[in-house]
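Read through the structure below, which is laid out as structure tokens, and then see the notes.
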Amino acid sequence: MNIVVLDGYTENPGDLSWDGLSALGKLTVHDRTSLINEAEIQERLLGADAVYTNKTPLSGATLKKAASTLRFVGVLATGFNVVDVAAAGSWELQSATFRLTELRQWASLPLPCFWNYATM
């Protein structure tokens, strides 16, 4: 499996290990990726099975270009607005925290806190 981290420095400025991810496949960690140069983002996703992002946006065009191999999108952040969720759903990509149907339900809540079961 080819795993790509687009903005690794944001998540790990050197005090953590990527060993857990690298045990799953070939890992490529980019310290920084342009937030506006879509060609650079697309190039870095070529051949990726999984991608992790924090601040680097994944537009519908970028996801479409990577769709032949990309199967997983992980967002290493509290929000997910950097991913075109509608486009991701059209290719049935897996999400790190929620399945995309749950993500849509969560996003529509007035105060997002998602439980798939009763808490009381």
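When the residues of region 32-71 are filtered to those that are part of a helix (DSSP H, G or I) and of a type in the set (S, T, N, Q), which remaining residue is farthest from Met1 (Cα to Cα)?
Checking each candidate, the answer is Thr62.
Filtering region 72-90 down to residues that are within 19 Å of Glu43 (Cα to Cα) and part of a loop (DSSP other than H, G, I, E, B), which residue is modelled with the lowest pLDDT?
Taking the candidates together, the pick is Asp84.
Conditions first: (1) in a loop (DSSP other than H, G, I, E, B); (2) more than 22 Å from Asn2 (Cβ to Cβ); (3) at pLDDT below 60. Thr97 passes all but one, so which condition is the exception?
Checking Thr97 against (1) in a loop (DSSP other than H, G, I, E, B); (2) more than 22 Å from Asn2 (Cβ to Cβ); (3) at pLDDT below 60, the one that fails is (2).
If only one of Thr10, Thr56 is at pLDDT 90 or above and in contact with a Leu (Cβ under 9 Å, 6 or more places away or on another chain), which one is it?
Just one listed residue meets the conditions, Thr56.
Report every pair of residues separated by at least 6 positions or lying on different chains whose Cβ atoms are under 9 Å apart, first residue within region 63-88 and in contact (Cβ under 8 Å) with a residue 12 or more places away in the chain and β-branched (Val, Ile, Thr), second surrounded by fewer than 15 Cβ atoms within 10 Å (Cβ to Cβ) and part of a helix (DSSP H, G or I).
Listed pairs, sorted by first residue: Val85/Arg104; Val85/Ala107.
Can you give me the number of residues within region 32-52 that are touching a residue at least 24 places away in the same chain (Cβ under 8 Å) and either surrounded by 13 or more Cβ atoms within 10 Å (Cβ to Cβ) or closer than 19 Å to Ala88 by Cβ (or both)?
Going through region 32-52 one residue at a time, the tally reaches 12.
The values are calculated or read from the model by the stated rules, or taken from the named source; none is laboratory data. Please read these numbers as outputs of a predicted model, since none were measured by experiment. Every residue, glycine as well, gets a Cβ built from its backbone with ideal geometry; the counts of neighbours run over all protein chains shown.
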